[in-house]
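The values are calculated or read from the model by the stated rules, or taken from the named source; none is laboratory data. Because the structure is a prediction, the values reported are computed rather than measured. Reconstructed Cβ throughout: ideal geometry from the backbone, glycine too, with neighbour counts over all protein chains shown.
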Amino acid sequence: MANVTPHTGRPDLTVALRQAMQAYRNGRLDEAAQACATVISWDSGHFDAHHLAGVVKLAQGDAPEAVRLLTEAVKLKARSFEAANDLGRALHGTGDHVGAVAQHERALSLRPAYPEAHNGLGNAQRALGRLEEALQS
């Protein structure tokens, strides 16, 4: 868990987020989720913590919770093409393919040469039966 700064008694959010990222990279998803939750509990407007927490929840198979967290991340940083793309993936995971298309298109409007968003857009289009559009993605 995060180190506590001696002067304030609060967790060092930078350390907690670094620990969350390391845990995620090493496949320790519960530990990553807990570290993100710690950061969010101390700073509810922390974009990186919401974004990573959403990605972790998606990796854990909890698409609805991923949507909640990634929606907040997108609100906090509207120009994040990564967060928009990850929200699209989460929406796809809940079966909201129309919402997924919108988020992947948003990601591509922010970064047109983003392969992951093209892939996600194609998958969402295919799920909607839009095969011609899917092939173009």
Those residues of the range 85-120 which are surrounded by 18 or more Cβ atoms within 10 Å (Cβ to Cβ) and basic (Lys, Arg), in sequence order: ARG89, ARG106
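Okay, residues lined up against (1) of a type in the set (Val, Ile, Thr); (2) at pLDDT below 95; (3) over 13 Å from the mean Cα position of the chain (by Cα):
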residue: ASN85; (1), (2), (3): no, no, no
residue: LEU91; (1), (2), (3): no, no, no
residue: GLN103; (1), (2), (3): no, no, no
residue: LEU110; (1), (2), (3): no, no, yes
residue: ALA113; (1), (2), (3): no, no, yes
residue: LEU121; (1), (2), (3): no, no, yes
residue: SER137; (1), (2), (3): no, yes, yes
Could you go through the range 91-98 and let me know if any residue there is assigned to a helix (DSSP H, G or I), under 22 Å from MET21 (Cβ atoms), out of contact with any strand residue (DSSP E or B) (no Cβ under 6 Å at 6 or more places or on another chain) and hydrophobic (A, V, I, L, M, F, W, C). no
For the structure I just gave you, tell me whether ALA113 is farther than 15 Å from ALA33 by Cβ and part of a loop (DSSP other than H, G, I, E, B). yes
Candidates ALA49, ALA16, ALA78, filtered to the one that is among the aliphatic types (A, V, I, L, M), assigned to a helix (DSSP H, G or I) and modelled with pLDDT of 95 or more: ALA49
